[in-house]
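The structure appears right after this line, and notes come after that.
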Amino acid sequence: MSEDAALSIRNLSKTFADSATTTVALQSVNFDVTRNELVSVIGPSGCGKSTLFNIISGLTGDYSGDVLIGGQPISGPHPDVGMVFQEDSTLPWRSALGNVTFALEVRGVPKKERVERARHFLDVVGLSGFEQHRPAELSGGMRQRVAIARALAFQPKIMLMDEPFAALDEQTRFTLGDKVLEIHRQLQQTILLVTHSITEAVQLSDRIVVMSPRPGRLKRIVTVDLPRPRSSDSMKSPAFSKFVSQIWDDVRDATAPVEALK
Amino acid sequence: MRPWATRLRAAVPPAFGALSLIAFLATVEMLLRVGVLNRFIVPFPSEAILSISRLFIDEHLAVRCIQTASKIVVAVVIIAVVGIPIGTALHTWVIARRAYYSWFAGLASAPLVILYPLFLVLLGRGTGAIVLMAGIAGLTPVVLKTIEGLQSTPVGLVKLGKTMQLSNFGLFSKILLPAALPAIFSGLRIGLIYCTTNIIALEFLIDFDGVGQLINLLSYRYDLPGTYAAIAFAILVCATILLATDGAERWVKRTL
């Protein structure tokens, strides 16, 4: 394990079994995420990305191997981990400000401080002026930004994002991608992003963990050494396209046997 | 939009509703006067309106409205206090939910008012029997809607609560219950309608105080304008309480 690792995955395997079938979702997955790094996990559908996310977030137990946060094995949801989900997770009965303060309220932060911090992080995600708006009055992209602000508000050591832009349109995805990059640069936040978008992974990541389909195994880790800052404009560069096509080849190779079976 | 323009836009639907009611009453009045409608079955709306003051003075309509409204409020409090915990318990305890859900669904469609002779024997001819009968009739929608609301809590919110390390009670009070509130209030509104129907029907049937008894009394006297005016007041009481539940829902949501 790297000494600077914020998150370490060691020989992680997970099997789902019922009376009739046994499904190996993950098999011997190993990788580290170092501090201030943005790592993406990518792979075809059914490769265990979400299972991996659920294990790291503490929502799924009963696995073999280790998940270490700051060198310590986890035994459930970890207080140093902030999470942004694929599904809309804003509380519809609370305002944008109320949604962000919720995370701090649960952790017992005094009211004055939590309002100040919530306002600050809403500003960080570009939602100043929308504090009193309810989620129903915000667009899908804005609601995901509220969720990001909420995850950032309690200053987690690691932020886990499970396909946070999956339900959004292409234009909003790019805009939010730029916002995540900005947050990563400003706050030096360690981020593990689960995504199925190769373009998004290349645009955002320092490294990309490519998974093979079921049973989910680590196929390759790609270091993306494109210069930063990488705005959505940098996607036009030949180097960017080269990375995209290289990862696409990996994902396609991994999917090919499954397709051939069909 | 300017504030006066907003207020004007908001006033249009109720004004339209009031005008259409006036138009309906005027049409009925006209049809009665030309003999298309039978005046021995339907009274003149103008006579019914004029009889309201008589009902207040001679028949103590205000007191009767308060008697009926009090019974409705008590019954609704009972169905909320009993129904929401039962719904929550059935949501949590899967075996019980599978066992009893269809029972409650069946009970919701049963004409429970026919049980009133049993309750009269058990509790006597009085407010207790009426409120209890109404409570039983109004309970099932609250139970069913509470289960539905809790079960349809978005997955993202449940995940959020779990990852925030909320206790079971914290998850219930901070996530599940607020998320289920719209469904619970919709169950309470349906329950309120069942309670109201049963309370007024029982007041009428057992001739025991409230607006229901007054309607019975006036129809027995063949006082058609008074009967129709009392029915209109019964509807008004129910509508007022129903509107109050909207206010209660908004207040609960604000305080969350």
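The values are calculated or read from the model by the stated rules, or taken from the named source; none is laboratory data. Note that the structure is a prediction, hence the values are computed from the model and not measured. As a convention, Cβ positions derive from the backbone with ideal geometry for all residues, glycine included, and neighbour counts pool all protein chains shown. Accessible surface areas use protein heavy atoms only, side chains included; no ligands, DNA or RNA. Shrake-Rupley method; radii C 1.70, N 1.55, O 1.52, S 1.80 Å.
Total Å² of accessible surface buried at the B-A contact, 1.4 Å probe, nearest 100?
1700 Å²
Please average, across the residues of A:149-155, the number of beta carbons from any other chain that are within 10 Å of each residue's own beta carbon, and give a whole number.
1
Taking H as built 1.01 Å from N, whose amide H comes closer than 5 Å to the amide H of A:ILE74, not counting residues under 5 places away?
A:VAL67, A:ILE69
If I take R0 = 41 Å and measure r between the Cβ atoms of B:TRP4 and B:VAL42 in this structure, what FRET efficiency does the formula 1/(1 + (r/R0)^6) give, to the nearest 0.05?
Calculated transfer efficiency: 0.50.
Taking amide H atoms as placed 1.01 Å from N in the peptide plane, list the residues 5 or more away in sequence, or in a different chain, whose amide H sits under 5 Å from that of B:PHE208.
Sorted by chain and number, the residues that satisfy this are B:GLN213.
State in Å² the accessible area per residue of chain A; use a 1.4 Å probe, count heavy atoms of protein chains only, and round to the nearest integer.
In whole numbers, chain A has 44 Å² accessible per residue.
Give me the percent of the accessible area of the stretch A:15-151 that comes from carbon and sulfur atoms, probe 1.4 Å, all protein chains in place.
Ligands and nucleic acids excluded, carbon and sulfur reach 47 percent.
Which residue, A:GLY82, A:GLY108, A:GLY71, has the most motion in a Gaussian network model of chain A that connects Cα atoms within less than 10 Å?
So, out of A:GLY82, A:GLY108, A:GLY71, the one fluctuating most is A:GLY108.
Rounded to the nearest 0.05, what FRET efficiency do B:SER109 and A:THR223 have when you use their Cβ-Cβ distance and R0 = 60 Å?
Step by step, r from the Cβ atoms, then E = 0.40.
Just to be sure I understand: of the beta bridges DSSP finds with both ends in the stretch A:107-262, what percent are antiparallel, rounded to 5?
Just about 55 percent of them are antiparallel.
Would you mind classifying the protein assembly as shown by shape? Square roots of the alpha carbon gyration tensor eigenvalues, ordered a ≥ b ≥ c; an a/c under 1.5 is rounded, otherwise it is prolate if a/b is larger than b/c and oblate if not.
prolate
When the helices in chain B are scored as -39500 (n - 2.57) per DSSP H run of 4 or longer and the sum is shared across all residues, what 222 nm value do you end up with, to the nearest 500 deg cm²/dmol?
-28500 deg cm²/dmol
Okay, which of the stretch B:165-207 sit inside 15 Å, backbone N to the point 7 Å along the Cα-Cβ direction of B:ARG125?
Answer for the stretch B:165-207: B:202-207.
Based on the inverse mean of 1/r over its pairs of different Cα atoms, what is the Kirkwood hydrodynamic radius of the stretch A:1-121, in Å?
16.6 Å
Given points 7 Å out from each Cα along the Cα-Cβ axis, report the A:ASP233 to A:SER245 separation in nanometres with one decimal.
For A:ASP233 paired with A:SER245, the spin-label model returns 2.5 nm.
Determine, from the Cβ-Cβ distance of A:GLU113 and A:LEU68 and an R0 of 22 Å, the FRET efficiency 1/(1 + (r/R0)^6), rounded to the nearest 0.05.
Computed FRET efficiency for A:GLU113 and A:LEU68: 0.10.
Which length gain, in nm to one decimal place, applies between B:VAL94 and B:VAL63 when the Cα-Cα distance is subtracted from 0.36 nm times their residue separation?
Going from the current span to full extension adds 6.5 nm.
Considering only protein heavy atoms and a probe of 1.4 Å, how much of the accessible area of the stretch B:31-170 is carbon and sulfur, as a whole percent?
Of the solvent-accessible surface of the stretch B:31-170, carbon and sulfur hold 72 percent.
P(r) for the stretch B:60-143: what percent of alpha-carbon pairs falls in each 5 Å bin, starting at zero?
3, 15, 19, 20, 19, 13, 7, 3, 1, 1, 0
Of B:CYS195, B:CYS238, which has the most accessible area with a 1.4 Å probe, and how do the rest follow in descending order?
Sorted descending by solvent-accessible area, the residues read B:CYS238, B:CYS195.
How fast does the stretch B:107-256 diffuse by Stokes-Einstein, in µm²/s, taking the Kirkwood radius from C-alpha pairs at 25 °C and 0.890 mPa s?
So the translational diffusion coefficient is about 139 µm²/s.
Could you do me a favour and compute the accessible area per residue for the stretch B:1-148, 1.4 Å probe, result in Å²?
61 Å²
Note every residue of the stretch B:133-173 with a reduction of at least 20 square angstrom in accessible area, all protein chains present versus the isolated chain, computed with a 1.4 Å probe, or write none.
Buried by the other chains: B:GLY156, B:LEU157, B:LYS159, B:LEU160, B:LYS162, B:THR163, B:MET164, B:GLN165, B:LEU166.
Rounded to two decimals, what is Rg over Rh for the stretch A:55-144 when you use alpha-carbon atoms and the Kirkwood radius?
Radius of gyration relative to Kirkwood radius: 1.05.
When all protein chains stay in place, what accessible area (Å², nearest 10, 1.4 Å probe) is found for B:ILE52?
Near enough 50 Å² of accessible area.
How would you rank B:31-38, B:6-13, B:202-209, highest first, on the average number of other Cβ atoms within 10 Å across their residues?
Taking the mean over residues of other Cβ atoms within 10 Å, the ranking is B:202-209, B:31-38, B:6-13.
Residue by residue through the stretch B:173-180, what is 3J(HN,Hα) from phi via Karplus (6.51 cos²θ - 1.76 cosθ + 1.60, θ = phi - 60°)? Round to whole Hz and write x for glycine and proline.
Result, rounded to whole Hz: 6, 9, 10, 5, 5, x, 5, 8.
Starting at the first residue of the stretch A:70-81, write each ³J(HN,Hα) from the Karplus equation 6.51 cos²θ - 1.76 cosθ + 1.60 with θ = phi - 60°, in whole Hz, x for Gly and Pro.
Per-residue couplings from phi come out as x, x, 9, x, 8, 9, x, x, 9, x, 8, 10 Hz.
What number results when the radius of gyration of chain A, computed over Cα atoms, is divided by 2.2 N^0.38 Å?
In units of the globular-protein estimate, chain A measures up at 1.01.
Looking at the protein assembly as shown, what % of its DSSP beta bridges pair antiparallel, to the nearest 5?
Beta bridges within the protein assembly as shown, antiparallel portion: roughly 55 percent.
What Rg and what Dmax come out for chain B when only alpha-carbon atoms are used, in angstroms?
When restricted to the Cα atoms of chain B, Rg and Dmax are 22.5, 74 Å.
Label points 7 Å out from Cα along the Cβ direction at A:SER75 and B:TYR222: separation in nm?
8.5 nm
Once amide H atoms are placed 1.01 Å from N in the peptide plane, what residues at a sequence separation of 5 or more from A:LYS219, or on another chain, have their amide H within under 5 Å of its amide H?
For A:LYS219, the qualifying residues are A:VAL210, A:MET211, A:SER212.
Can you give the charge dipole size of the stretch A:157-262 about its Cα centre, rounded to the nearest 20 debye, using +1 on the beta carbon of Lys and Arg and -1 on the beta carbon of Asp and Glu?
So the dipole magnitude of the stretch A:157-262 works out to roughly 320 debye.
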